[in-house]
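The values are calculated or read from the model by the stated rules, or taken from the named source; none is laboratory data. All values reported here derive from a predicted model rather than from experimental measurement. So basically every Cβ, Gly included, is an ideal-geometry build from the backbone, and we count neighbours across all protein chains shown. To get the accessible areas, we keep the full protein, side chains included, count just its heavy atoms, and leave off ligands, DNA and RNA. Shrake-Rupley method; radii C 1.70, N 1.55, O 1.52, S 1.80 Å.
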Amino acid sequence: MASKWFGPTSRGAFLTNDIRENVQAGQLLAKSQAGGLLLFCDENDVPFGLGTFTPKGNPRNYEVAVIIGEESLWETGRGALASSLLVDHLFLTLDAHRVFAMTLAVNPHAISTLSTGGFLLEARLRDHYFVDGRFEDCLVWSQLREEYDKTVEACHPESAFVTAPSISPEMRTRAERLLLRIAEDCAS
């Protein structure tokens, strides 16, 4: 099913930066085993999309892509939910510093999701992709850790799109103070 989503005739792959790549099941398995693939399922555990993340450039920088497999599920909010969960995973679990995505400039789904999800348009790569017999631009979007943190602070705690960190700043500060006191006691 997932390899169909990324196949050479897939409109979904056309809209991600996986344009016209013929992704095979083995490639998805390898990506999954390397820890760079998330499968998104609905409340009935039916898969509806995939998210990929790949370390790029400096440590803690990740390139991401999300695909919602079935066209009937596009524009239902699932892309925004999947993108948000992927970004939360990278910042909260992998301590990302920068998360970026490259999208086709004629992809309204990605433009809407990324621009409302805290990403900033960073660059436009002219004539970057060749699709359907013509060159198309690529948009580069990014979100930095401090921008993500501001978004989290602005959201309501009950938001479905933001997961609270496992270790609160207060817990971290308290632990640091205790360790400092222990170090001082050991030194005397």
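Test V152 against the stated conditions and say whether it is modelled with pLDDT under 85, open to solvent by less than 60 Å² (accessible area, probe 1.4 Å) and touching a helix residue (DSSP H, G or I) at 6+ places or on another chain (Cβ under 9 Å).
yes
Would you mind stating whether V140 is β-branched (V, I, T) and in contact (Cβ under 8 Å) with a residue 60 or more places away in the chain?
So V140 fails the test.
Keeping to the stretch 38-56, report how many residues are within 23 Å of V140 (Cα to Cα), in a strand (DSSP E or B) and not polar (S, T, N, Q).
Of the residues in the stretch 38-56, 6 are within 23 Å of V140 (Cα to Cα), in a strand (DSSP E or B) and not polar (S, T, N, Q).
Among all residue pairs at least 6 apart or on different chains, which show Cβ distances below 8 Å where the first residue, located in the stretch 166-182, is under 22 Å from D95 (Cα atoms) and the second is assigned to a helix (DSSP H, G or I) and not charged (D, E, K, R)?
As it stands, the answer is S166/L92, since those pairs meet every condition given.
What's the number of the condition L73 fails, among (1) more than 24 Å from P169 (Cβ to Cβ); (2) crowded, with 17+ Cβ neighbours inside 10 Å?
(2)
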